[in-house]
Amino acid sequence: MEYQELKECAKYSNLRTSTFTKDTYISTENMLPNKGGVTSIDSIPTCKTTAKYESSDILISNIRPYFCKIWFATREGGCSNDVLVIKAKKTIEPKFLYYVLSDKNFFNYDTITSKGTKMPRGNKNAIMKYLVPKFSPLTQQKISSILSAYDRLIENNTRRIRLLEQMAENLYKEWFVRFRFPEHEKVEMVKSKYGRIPSNFNIIQMQDVFDYYVGGGWGEENMSNDFSEEASVIRGADFPKVCQYDISTCPRRFHKKSNYRSRQLEDGDIVMEISGGTSEQPVGRTILVTQSLIDRFDNGKVICASFCKLIRLRKNVISPFFFYYWMKFLYDTRIINRFQLQSTGIINFKFEPFLRKGDVMLPPTNVMNSFESHVVPIHKEMNKLAQQNQLLTRQRDLLLPRLMSGKLEVKS
């Protein structure tokens, strides 16, 4: 197998642009870990120009390379200085080069050669010395085609998951924001602090629906006599993926047995982020824990991180599915912002005042149960598609290094 240095077949872009939006601006914050691509950003910078990327460029986060953040650009836009924009030269297929740089071998190399300890940054000079396998243009196209087939299936499933997620949210809004639940026309509307609501809905305190709550844990990276219980950890950074049943970014760590027992997540639990927020992304985000989600983790062992709270509800009072969407409504409408506490640039959540002064708008039990019966099948289908993606990703990532090393020959 012949190799060439990356600088022989690619270069860093030095283009600038003044045209970018929330949908086209890329920073390390809206690049997803583990080669998950990108999402839209909450706010864009106020500067007049930024680095520019174009379609078929390769974007790599240059902060903490072990997060494996990479994206093959399908449009043009702007990006932050912490994102590397790599352009393929005419001697190499851009999509093939993307897969070369998606290989775990590249990210291992990028991590080893990075600078700094607390927040390591990729060494731009070292990156350009990374060895790229030399294949004929036809073989490059064939390798790209094989791997792209997996990515298309993953993207289609991800798109379906998002649509299902939106369906459930729309149903909640239809029933509990616009109040068009079954037989709503028979119910009188009355005044409340949230405007006019159905007369058979009650407004109660948060503490009236909580059965148990406890802060999360972090444990240790390595096993020891004290930290012997292995379990996955859901962090606030994992919420966007976990709410779509994608657990690929959740680390495995070792915990004290006593800490694990009191924090082990169960079906119907709510996990809430209570620290580490920013002005663009306040704390108060939540995820719903279902048994199908728990079963996805090794041995079904998972806790939430120390910047989060485990909340166990009184299920005889409230449906966990309804409560999850109620919390999402409070967050999306920024009603929950009154419980934010900012200090030294980091936003924390005032949990105890939230218990005493936070509200839950509680529908009749039969309406909640009916809502749950509609959204449970949606969540099960989301989990099923996420499982398919997990398998497809594993197959693709096993295939990728074998194709790049030439161990698996691609026939013409």
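The values are calculated or read from the model by the stated rules, or taken from the named source; none is laboratory data. Since the structure is predicted, the reported quantities are computational estimates derived from the model, not experimental observations. Note that each Cβ is placed from the backbone with ideal geometry, even for glycine, and that neighbours are counted across all protein chains shown.
Per the conditions (1) touching a helix residue (DSSP H, G or I) at 6+ places or on another chain (Cβ under 6 Å); (2) outside any loop (DSSP other than H, G, I, E, B); (3) among the acidic types (Asp, Glu), the sole criterion not satisfied by residue 246 is (2). Only a single criterion out of (1) at pLDDT below 95; (2) assigned by TED's automatic domain parsing to the domain that holds residue 165; (3) of a type outside the set (Ser, Thr, Tyr) is not satisfied by residue 378, namely (1).
Only one residue in 124, 186 is out of contact with any helix residue (DSSP H, G or I) (no Cβ under 9 Å at 6 or more places or on another chain), charged (D, E, K, R) and in the same structural domain as residue 7 (by TED's automatic domain parsing), so which one is that? Explain how you work it out, then say what you get.
Values: 186 fails: in the same structural domain as residue 7 (by TED's automatic domain parsing).
Of 124, 186, the one residue that is out of contact with any helix residue (DSSP H, G or I) (no Cβ under 9 Å at 6 or more places or on another chain), charged (D, E, K, R) and in the same structural domain as residue 7 (by TED's automatic domain parsing) is 124.
Residues are listed down the side, and each one gets a yes or a no for (1) charged (D, E, K, R); (2) under 19 Å from the mean Cα position of the chain (by Cα):
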| position | (1), (2) |
| --- | --- |
| 216 | no, yes |
| 223 | no, no |
| 238 | yes, yes |
| 251 | no, yes |
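Residue count for segment 257-298 under the criterion of being under 29 Å from residue 228 (Cβ atoms) and not in a helix (DSSP H, G or I): the result is 19.
With respect to the conditions (1) under 22 Å from the mean Cα position of the chain (by Cα); (2) over 28 Å from residue 358 (Cβ atoms); (3) surrounded by fewer than 16 Cβ atoms within 10 Å (Cβ to Cβ), residue 166 lacks only one, and its number is (2).
Pairs meeting the criteria (first residue in segment 246-259 and surrounded by fewer than 19 Cβ atoms within 10 Å (Cβ to Cβ), second residue at pLDDT 95 or above and of a type in the set (Ser, Thr, Tyr), beta carbons under 6 Å, at least 6 apart or on different chains) are 252/232. Report whether or not residue 393 is more than 27 Å from residue 281 (Cα to Cα) and without any contact (Cβ under 8 Å) to a residue 60 or more places away in the chain. Taking the combined requirement at face value, the residue does not satisfy it.
Residue check: is residue 389 assigned to a strand (DSSP E or B) and either at pLDDT below 95 or outside the structural domain of residue 236 (by TED's automatic domain parsing) (or both)? Working first, answer last.
On the way: assigned to a strand (DSSP E or B): no; either at pLDDT below 95 or outside the structural domain of residue 236 (by TED's automatic domain parsing) (or both): yes.
No: the conditions fail for residue 389.
Residue count for segment 21-33 satisfying the condition of being surrounded by 16 or more Cβ atoms within 10 Å (Cβ to Cβ) and either touching an Asp or Glu at 6+ places or on another chain (Cβ under 9 Å) or in a helix (DSSP H, G or I) (or both): 6. Of all the residues in segment 324-346, those that are closer than 19 Å to residue 169 by Cβ and either among the acidic types (Asp, Glu) or not in a helix (DSSP H, G or I) (or both) number 3.
In this structure, is residue 233 surrounded by 14 or more Cβ atoms within 10 Å (Cβ to Cβ), touching a Lys or Arg at 6+ places or on another chain (Cβ under 6 Å) and of a type outside the set (Ser, Thr, Tyr)?
Numbers: surrounded by 14 or more Cβ atoms within 10 Å (Cβ to Cβ): yes; touching a Lys or Arg at 6+ places or on another chain (Cβ under 6 Å): yes; of a type outside the set (Ser, Thr, Tyr): yes.
It is true that residue 233 is surrounded by 14 or more Cβ atoms within 10 Å (Cβ to Cβ), touching a Lys or Arg at 6+ places or on another chain (Cβ under 6 Å) and of a type outside the set (Ser, Thr, Tyr).
If only one of 41, 70 is closer than 21 Å to residue 96 by Cβ and either assigned by TED's automatic domain parsing to the domain that holds residue 153 or buried (at least 19 other Cβ atoms within 10 Å of the Cβ) (or both), which one is it? Outline the logic, then answer.
Values: 41 fails: closer than 21 Å to residue 96 by Cβ.
Just one listed residue meets the conditions, 70.
The set of residues in segment 79-118 being buried (at least 17 other Cβ atoms within 10 Å of the Cβ) and of a type in the set (A, V, I, L, M) consists of 83, 84, 85, 86, 88, 92, 97, 100, 101. If you check residue 175 against the conditions, is it in the same structural domain as residue 257 (by TED's automatic domain parsing), among the aromatic types (Phe, Trp, Tyr) and modelled with pLDDT of 95 or more? Judged against the criteria, residue 175 is not a match. Of the residues making up segment 188-209, those that are among the β-branched types (Val, Ile, Thr) and over 12 Å from residue 363 (Cα atoms) are 190, 209. Filtered by the rule that a residue be of a type in the set (Gly, Ala, Ser) and either part of a strand (DSSP E or B) or touching a residue at least 60 places away in the same chain (Cβ under 8 Å) (or both), segment 34-83 gives 36, 43, 51, 61, 77, 78. Residues that are assigned to a strand (DSSP E or B), out of contact with any Cys (no Cβ under 6 Å at 6 or more places or on another chain) and among the acidic types (Asp, Glu) do occur in segment 347-369. Taking the listed residues 152, 180, the one that is without any contact (Cβ under 8 Å) to a residue 60 or more places away in the chain and within 30 Å of residue 410 (Cα to Cα) is 152, with no other qualifying.
Suppose we filter 318, 311 for residues that are surrounded by 13 or more Cβ atoms within 10 Å (Cβ to Cβ), outside any helix (DSSP H, G or I), over 24 Å from the mean Cα position of the chain (by Cα) and of a type in the set (Val, Ile, Thr); which single one remains?
Numbers: 311 fails: over 24 Å from the mean Cα position of the chain (by Cα).
On inspection, the qualifying residue turns out to be 318.
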